[in-house]
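Inspection log for the structure reproduced underneath, given as structure tokens.
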Amino acid sequence: MGLLQTALTAIYPPRCLGCGEMVDSDFGLCGACWGQTAFVGGTVCDTCSTPLPGSVDDEVVHCDACLRAPKPWKHGRAALIYTGMGRKLVLRLKHGDRQEIAKPAAGWMRQAVMDMAPENALIAPVPLHWMRLAKRRYNQSALIAKSLSDMTGLDACPDLLERPRKTPSLDGKTRSERADILDGAIRINPRRRHQIINRTVVLVDDVMTTGATLSACAEACRAAGATDVCVAVLARVAKDA
């Protein structure tokens, strides 16, 4: 196996996920691309992971938006800010058939999930409508969720949530318009309902903008008997991004 791995590495050397330059290990970023990637750190909103000014130790803080309109989930974390290389990686995973990005994405999200999820938590991806899934051939959120399950040891249910009604793109829509579009568009798979009773559900998605889609998913989970809902996303659209 060692010789085979060496031979494969010689033929297919590891490449940077961002620019394609050779790197030391698979699923990595070169120094230049790493420098263009805005990882979330420091003080953030406990609900939506928006970066906040100042430094707060051992204190839960919330952004103004979440104070005005509380989200229907308990904790929310993002690995990246949706700008620069972070935005490029999300778009490549989502639209560019770069499915290999899901594994490092999960690696960047792993610790946050471990910090906010209890041992019996259930990981579930935000669903796609079957027509969009057929066109794209994969659900990028489900790929991240599978890798997160492998890395954390938490159970995953890829079809916990369903999207029976096709909805238009939410790009450019206001918060209220997004909520109207998603009203009744997401539900719990009746064959999986028993899996979330008295459990925390960790919703996984590639990017959070206003949180409308995640809110619809969280509300469906709570209505079906989930104890709590947490959110983990690869990237967060920040106001100053």
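Test of understanding: among Leu91, Leu80, which residue is closer than 29 Å to Ala179 by Cβ and free of Cβ contacts under 8 Å to residues at least 60 places away in the same chain? Before you say what the answer is, go through the steps one by one.
Numbers: Leu80 fails: free of Cβ contacts under 8 Å to residues at least 60 places away in the same chain.
Just a single option satisfies the conditions, and that option is Leu91.
Identify the single condition in (1) without any contact (Cβ under 8 Å) to a residue 24 or more places away in the chain; (2) over 25 Å from Cys221 (Cα atoms); (3) surrounded by 17 or more Cβ atoms within 10 Å (Cβ to Cβ) that Ala65 does not satisfy, given that it satisfies every other one.
If we test Ala65 against (1) without any contact (Cβ under 8 Å) to a residue 24 or more places away in the chain; (2) over 25 Å from Cys221 (Cα atoms); (3) surrounded by 17 or more Cβ atoms within 10 Å (Cβ to Cβ), just (2) comes out false.
Just to verify a result, which residue in segment 117-156, among those that are farther than 18 Å from Val233 by Cβ and either of a type outside the set (D, E, K, R) or outside the structural domain of Met208 (by TED's automatic domain parsing) (or both), is surrounded by the most Cβ atoms within 10 Å (Cβ to Cβ)?
So, considering only residues that are farther than 18 Å from Val233 by Cβ and either of a type outside the set (D, E, K, R) or outside the structural domain of Met208 (by TED's automatic domain parsing) (or both), the one surrounded by the most Cβ atoms within 10 Å (Cβ to Cβ) is His129.
Could you run through segment 129-145 and say how many residues are within 24 Å of Gln195 (Cα to Cα) and modelled with pLDDT under 95?
Going through segment 129-145 one residue at a time, the tally reaches 3.
Out of the residues in segment 205-230 that are of a type in the set (Ser, Thr, Tyr) and assigned to a helix (DSSP H, G or I), which is surrounded by the fewest Cβ atoms within 10 Å (Cβ to Cβ)?
Among them, the one singled out is Ser215.
Restricting attention to segment 205-225, and to residues there that are farther than 20 Å from Arg175 by Cα and in contact (Cβ under 8 Å) with a residue 40 or more places away in the chain, which single residue is nearest to the chain's Cα centre (by Cα)?
Cys221
Among Arg110, Arg77, which is touching a helix residue (DSSP H, G or I) at 6+ places or on another chain (Cβ under 8 Å) and part of a helix (DSSP H, G or I)?
Arg110
Within segment 158-183, restricting attention to residues that are touching a Pro at 6+ places or on another chain (Cβ under 9 Å) and not β-branched (Val, Ile, Thr), which residue is modelled with the lowest pLDDT?
Once the filter is applied, the top-ranked residue is Arg163.
How about segment 174-191: which of its residues are more than 26 Å from Lys94 (Cα to Cα) and either crowded, with 16+ Cβ neighbours inside 10 Å or not charged (D, E, K, R) (or both)?
Answer for segment 174-191, where residues must be more than 26 Å from Lys94 (Cα to Cα) and either crowded, with 16+ Cβ neighbours inside 10 Å or not charged (D, E, K, R) (or both): just Pro190.
Which condition breaks for Ala65 when tested against (1) small (Gly, Ala, Ser); (2) under 27 Å from Thr152 (Cα atoms); (3) not in a loop (DSSP other than H, G, I, E, B)?
Among (1) small (Gly, Ala, Ser); (2) under 27 Å from Thr152 (Cα atoms); (3) not in a loop (DSSP other than H, G, I, E, B), the lone unmet condition for Ala65 is (2).
Restricting segment 68-102 to residues that are surrounded by fewer than 17 Cβ atoms within 10 Å (Cβ to Cβ) and hydrophobic (A, V, I, L, M, F, W, C), which is modelled with the highest pLDDT?
Across segment 68-102, the extreme among qualifying residues is Leu91.
The values are calculated or read from the model by the stated rules, or taken from the named source; none is laboratory data. Treat the numbers as computed from the prediction; the structure is a model and nothing was measured. As a convention, Cβ positions derive from the backbone with ideal geometry for all residues, glycine included, and neighbour counts pool all protein chains shown.
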